[in-house]
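Working notes, structure below.
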Amino acid sequence: MTFPTDLQTLADEGRLGVRSGVRMALGTGIYGFWNGKGDLVHSELTYWANSLITVSDLVYGLGTAAASFTIEMVAKQEITPDRLAGIESEDYKGRPLTIYDFYFHPDTGGLLHAEPMAYGYIDTVDHVTEGGESKLVGNILSGAIDNHRDGYRSASHEDQQLVSPGDKFYEHASTVKNEYFDIKLD
């Protein structure tokens, strides 16, 4: 990760405030939640304060295989089990979700930077009751699932230019592939 200079300076000094947020694009709209106080506006979206949402450890790794993580919301106070059940009226299957780290200035409290930490798609939502406590458990497939969708990405010069303009690693990929299969053995 590359941080802005002022953010890096504060991080080096150990004087940085960090909070987490979740951005969900559901069928009825885009919703944001974060574990701070009050509402936070970032990229024209209001993130509502919510300390009831937790995210499992995020899985990072090499390769193209999709990993999974969970996001949970517990029924407490005004968020009743009946209100949690309202998720079933949402169009959530396959919808994008992004986990953010929000970095704040320790003196002013101003938002310095928002870093997307994980991206994925909502797969299923389980309704769980444990020890008398109701909660939703959203099962999220990481964005690496896109690597396995037909027509999404390819090892081509054109596709690589979208990722890294000027990179010539795949410049001859289509030519080499065709020449390899055109070899005739006598």
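Just so it is clear, none of the values below were taken in a lab; they were calculated from the coordinates. Because the structure is predicted, anything quoted here is derived from the model rather than measured. Note that each Cβ is placed from the backbone with ideal geometry, even for glycine, and that neighbours are counted across all protein chains shown.
Brief remarks on what is shown
- Dividing the convex hull volume of the alpha carbon atoms of segment 5-149 by its residue count gives 146 Å³ per residue.
- Per DSSP, loop trypsin sites (Lys or Arg not before Pro) in segment 1-90 with at most 14 further Cβ within 10 Å: Arg15, Lys37
- Where GluC sites (Glu not before Pro) fall in DSSP loop in segment 68-134, at most 12 other Cβ within 10 Å: Glu78
- DSSP-loop chymotrypsin sites (Phe, Trp or Tyr not before Pro) across segment 37-137, with at most 15 other Cβ within 10 angstrom: Tyr60
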